[in-house]
Every structure is written in C-alpha cells, then in structure tokens.
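Notes to accompany the following structure.
Read-outs throughout are calculated quantities, based only on the coordinates presented, and are distinct from any laboratory measurement. The structure presented is a predicted model; accordingly, all values stated were derived computationally and were not measured. Ideal geometry is used to build each Cβ from the backbone, glycine not excepted, and the neighbour counts take in all protein chains shown.
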Amino acid sequence: MQVRKIVKDAFKIYELNSQFTEIDLEDGRLEKGTIEEVNEKYDDAHILSEARHKLEVNKSELDSFNFVDPDDEDYAFYYKTVRQLQRFVNKWGAK
C-alpha cells in the first residue's frame, strides 16, 4: 500500500508528527505510530481535523505573546508552526 500524500505532508509538520507518533500512541489510538499505520487508520478528514485543531491551539499560543520578538525561541516556534499548519489546511482543506 502506498502512503497518501496528505499523510506524508502531515508527518513533515512537527505538531502533527508528534500527535501521531507520541500522543495517539500513548492514548492507545494507534499501536505503532508509524506513517503506514496513520495512512491505514486515519482518513483525510481526520488528519485535516487534527491539523485545524492544532492550528487553533498554536494560534492561541502565538497570540499570548505581548509583543513580537522573532529572537524568542518560543515565539519563533509558534510562528513557524502556525505558518506550516495554515499552509497544510489551505492545501488539503480545499480538496
């Protein structure tokens, strides 16, 4: 079975990768947390829903900063993550 492109793209984003390989594994939703298992068990709608949720959480974190400081590691992390997730949602949500 070939891994779907949406799954490959999701695994490139830290927040989604950790959701599937750590959180869902710990919660017992997945047994292995591999890209192949995510491809098999999660449909596109589930992956997109997870991305939208992560986007909102990270936007909220980014909004909690009182000022923009690109040198702050936390700010830079949330800024990068929001951009990645927004691109992912824009790309896959339009399909």
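Annotations
- Put a dot 7 Å past the Cα of residue 57, heading toward its Cβ, do the same for residue 29, and the two dots end up 0.9 nm apart.
- When only Cα pairs below 8 angstrom with a gap of at least 6 residues are kept, segment 41-90 shows a relative contact order of 46 percent.
- Set of segment 27-63 residues, backbone N closer than 15 Å to the point 7 Å along the Cα-Cβ line of residue 2: none
- Against the chain, whose longest principal axis comes from its Cα atoms, helix 44-63 is set at around 20 degrees.
- Estimated 222 nm signal from helices in the chain, with DSSP H stretches of n ≥ 4 weighted -39500 (n - 2.57), rounded to 500: -19500 deg cm²/dmol
- Relative contact order of the chain, pairs being alpha-carbon contacts under 8 Å that are 6 or more residues apart, as %: 30 percent
- Partners for residue 80 among aspartates and glutamates (Cα-Cα distance below 18 Å; same-chain residues under 8 apart left out): 9, 15, 50, 56, 61, 63, 69, 71, 72
- Positive minus negative residues near residue 49 (Lys, Arg vs Asp, Glu; Cβ under 12 Å): -2
- With the simple model of a label 7 Å out from the Cα in the direction of the Cβ, residue 80 to residue 68 spans 1.8 nm.
- (1) 0.96; (2) 1.04; (3) 1.01, with the label sought being that of the calculated Rg/Rh (Cα atoms, Kirkwood Rh): (3)
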